[in-house]
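Engineer: Have a look at this one before I ask anything.
The values are calculated or read from the model by the stated rules, or taken from the named source; none is laboratory data. Please read these numbers as outputs of a predicted model, since none were measured by experiment. Reconstructed Cβ throughout: ideal geometry from the backbone, glycine too, with neighbour counts over all protein chains shown.
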Amino acid sequence: MDVPLTDNPLKYNFFESIVNARRSVRKFDPGVPVPDDAVRRALDLAALSPNSSNMQLWHFTWVRDAGLRQRMVPVCMGQNAAKTASHLVVFQTRGDLWRRHARWNLEQADPGSGRPADDRRLKLMRKYYAVLMPLAYRNDPFGLSTLVRRLGSFLLGLSRPVMRLGGRGWQRVILHKSCAIAAQTFMLALQAEGYDTCPMEGFDAVRLKRLLRLPRGAEVCMIVAVGKGTPAGVYGERKRLPMEEVVTVV
């Protein structure tokens, strides 16, 4: 699908080069360590990623310690990317922190920030984070919260378009979408620095949480291995389906 460049071809060409250069590299050069500062910058940019309702229900565990990384290798099913990485970053969802993050968003909307107390946007934000977020994220042992969400969505949906709120499965999808966007930002940022990455989904989540002492409410989205790639680490030519099979224009 050929799309003509319009406003800023230089920026587009630079971004295109980063996306084209980014590959899932599975063997890194042990003689070329990735500087800590590069990882820090990439994490800073990952935290700026778009996410659902600005709730930022994610956490990034940066494994710098070489000994701990080696202990993670069998947990990562012995993947070469884990064996040879300079750094491993574990991207997690943290749905259990929704109350704390909703309060934080409310604090950002405080009139002390310069907005008048009767500002319409301020009122909407208070309603959003004090009412809608609890409705969306609250759970209970008996599933009553899920029932209320689904019933409310169904009744409101009879007369107008509504977001169809659901149960824990629906919540997990929302959380993992945001976390995956952050992981992609992280990988593109490191590619711009001249380093390579490999997102790994093959791991023992139970053993990983135990090894890293992750909180009970954390759920691992993916592990990203970081290093300087080698030619042997790229397993073949990149192949994609024809655009006509994945894009529909209506």
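Engineer: For the stretch 181-193, indicate whether the set of residues that are in the same structural domain as V89 (by TED's automatic domain parsing), modelled with pLDDT of 95 or more and not in a helix (DSSP H, G or I) is non-empty.
Structural biologist: Yes, the stretch 181-193 has at least one match.
Engineer: Which condition breaks for V162 when tested against (1) part of a loop (DSSP other than H, G, I, E, B); (2) in contact with a Ser or Thr (Cβ under 7 Å, 6 or more places away or on another chain); (3) closer than 19 Å to M55 by Cβ?
Structural biologist: (3)
Engineer: In the list L10, L5, which residue meets the criterion of being at pLDDT below 95 and not in a helix (DSSP H, G or I)?
Structural biologist: From the options L10, L5, the qualifying one is L5.
Engineer: Restricting to the stretch 8-31, what's the tally of residues that are closer than 13 Å to D196 by Cα, surrounded by 13 or more Cβ atoms within 10 Å (Cβ to Cβ) and not small (G, A, S)?
Structural biologist: Result for the stretch 8-31: 9.
Engineer: So which residues in the stretch 59-68 are over 26 Å from A109 (Cβ atoms) and not in a helix (DSSP H, G or I)?
Structural biologist: T61, W62, V63, R64, D65
Engineer: Give me the residue from the stretch 205-224 that is free of Cβ contacts under 8 Å to residues at least 60 places away in the same chain and among the hydrophobic types (A, V, I, L, M, F, W, C) and, out of that set, surrounded by the most Cβ atoms within 10 Å (Cβ to Cβ).
Structural biologist: A205
Engineer: While we're looking at this one, here's another question. Count, please, the residues in the stretch 225-250 that happen to be in a loop (DSSP other than H, G, I, E, B), closer than 19 Å to Q191 by Cβ and touching a residue at least 60 places away in the same chain (Cβ under 8 Å).
Structural biologist: 5
Engineer: If you don't mind, another one. Which of the residues spanning the stretch 170-204 are small (G, A, S) and exposed (fewer than 15 other Cβ atoms within 10 Å of the Cβ)?
Structural biologist: G194, G202
Engineer: Among the residues in the stretch 48-58, are any part of a loop (DSSP other than H, G, I, E, B), over 22 Å from the mean Cα position of the chain (by Cα) and crowded, with 16+ Cβ neighbours inside 10 Å?
Structural biologist: No, the conditions are met nowhere in the stretch 48-58.
Engineer: Only one of (1) surrounded by fewer than 17 Cβ atoms within 10 Å (Cβ to Cβ); (2) assigned to a loop (DSSP other than H, G, I, E, B) is not met by D37, so which one is it?
Structural biologist: Single failed check for D37: (2).
Engineer: So if I check each of L175, L188, L122, which one is in contact (Cβ under 8 Å) with a residue 60 or more places away in the chain and closer than 26 Å to E107 by Cβ?
Structural biologist: Residue meeting the stated conditions: L175.
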